[in-house]
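J.: The structure's right below; bear with me while I get my questions together.
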Amino acid sequence: MSERLAGALLFLPVPVVLWLFTRQPLGVGLSLGLGVVLMLTHRLYARPFALRWSDRRCLWCGGAAGEGPRLEVAEPPGVTRWRGCGPDHASRVAGLLAWAAAHPAFLRVGILGTLLVFLLAAWPAAAGRLGPVQGADAVAFFRLGIALTVLPLSILGARLAPATQTLRSPFPVHIQALIGTRWVLWLFRIVGAIWLALGALRMIGRLGAL
């Protein structure tokens with residue numbers, strides 16, 4: 001099995017978790033519980049794989065890095081070393097991480113804050129314990145919060161910047177390393193746009209019903 005296919009397979013739990021959270025095919029409790037377990041255990045096997053190939057795969061496109069520029073990234077939980085397959089791709093990684101490092105609170109509140117509120121509210125809302133707030137409203141809130149966070153990151157962060165010093169990231173970069181940062185940003189744009197529309201339609205429908 002090629003390292004690129006293996007990386008794609010290891011990336012699959014990410015969309016599976018989002019599917020469990022938003023579609024809840026196993027019921028609210030079991031779907032959320034399984035999603036949380038997948039989310040918390042993903043780092044245990046995905047990060048070692050990403051780090052094992054960090055010197056041979058381009059952090060931007062996921063292809064062979066060859067003797068491309070080295071990238072040093074200060075990320076949770078420490079400093080890691082990666083490569084770009086060329087100066088252009090190294091600069092694109094630097095641009096994304098520079099934007100993320102300049103807006104850490106926005107990203108943490110938008111992603112972690114949205115996730116926390118959703119997990120705390122989804123089950124009570126589905127059980128009718130939050131008054132007029134329904135389970136579908138919690139899902140719409142989750143979609144909107146995530147979309148409004150990842151869309152600016154994927155659009156404004158896709159720029160060129162010099163990669164001549166230690167880069168900083170408020171989030172671990174091993175997930176994007178599994179398939180390549182470029183493809184993660186495209187997923188952010190596509191899924192983010194769809195989720196923004198779905199979440200907005202749900203909220204507009206609920207306001208119209210009041």
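Values in this text are rule-based calculations from the coordinates and carry no lab data. Just so you know, these numbers come straight off a predicted model, no measurement behind them. We place every Cβ from the backbone using ideal geometry, glycine too, and count neighbours over all the protein chains shown.
J.: Can you give me the long-range amide H partners of G63? Hydrogens built in the peptide plane at 1.01 Å from N, cutoff under 5 Å, separation of 5 or more residues or another chain.
T.: Close amide H contacts, sequence-distant or interchain: C58.
J.: Subtracting the Cα-Cα distance from 0.36 nm times the residue separation, let me have the gained length for E3 to L34 in nm, one decimal.
T.: 8.5 nm
J.: Pop out the ³J(HN,Hα) list for the stretch 64-70 in order, Karplus 6.51 cos²θ - 1.76 cosθ + 1.60 with θ = phi - 60°, rounded to Hz; leave Gly and Pro as x.
T.: Whole-Hz 3J(HN,Hα) from phi for the stretch 64-70: 5, 8, x, 9, x, x, 7.
J.: Using 0.36 nm per residue of separation minus the Cα-Cα distance, give me the extension gain between V79 and A64 in nm, one decimal.
T.: Gain on stretching V79 to A64: 3.2 nm.
J.: Which whole-number percent is the relative contact order of the stretch 3-209 (Cα, under 8 Å, 6+ apart)?
T.: Contact order relative to length: 26 percent.
J.: While we're here: Using a Förster distance of 30 Å, how high is the FRET efficiency between I155 and D88, based on the Cβ-Cβ distance and rounded to 0.05?
T.: 0.95
J.: Let me ask something else about it. List residues of the stretch 88-118, by number, whose backbone nitrogen lies under 17 Å from a label position 7 Å along Cα→C-beta of L187.
T.: Correct set: 111-112.
J.: Using a Förster radius of 35 Å, what is the FRET efficiency between R168 and V133 based on their Cβ-Cβ separation? Nearest 0.05, please.
T.: About 0.40, to the nearest 0.05.
J.: Starting at the first residue of the stretch 53-59, write each ³J(HN,Hα) from the Karplus equation 6.51 cos²θ - 1.76 cosθ + 1.60 with θ = phi - 60°, in whole Hz, x for Gly and Pro.
T.: My calculation for the stretch 53-59 gives 9, 5, 8, 10, 10, 6, 5 Hz in order.
J.: Shifting gears a bit: Could you list the trypsin sites (Lys or Arg not before Pro) in the stretch 63-141 that lie in coil according to DSSP, counting only those with at most 13 other Cβ atoms within 10 Å of their Cβ?
T.: Sites meeting the loop and neighbour criteria: R129.
J.: Shifting gears a bit: Quick one: check the C-alpha center-to-center distance for the stretch 165-199 versus the stretch 91-107, whole angstrom.
T.: Here the two parts' Cα centres lie 11 Å apart.
J.: At R0 = 41 Å, how high is the FRET efficiency between L207 and L116 if r is their beta carbon distance? Nearest 0.05 is fine.
T.: The formula returns an efficiency of 0.95 here.
J.: All other residues with a Cβ under 11 Å from the Cβ of E3 taken together, and with Lys, Arg as +1 and Asp, Glu as -1, what is their net charge?
T.: +4
J.: Another question, then. Looking at the stretch 1-101, which GluC sites (Glu not before Pro) are DSSP coil and have at most 13 other C-beta atoms within 10 Å of their C-beta?
T.: E67
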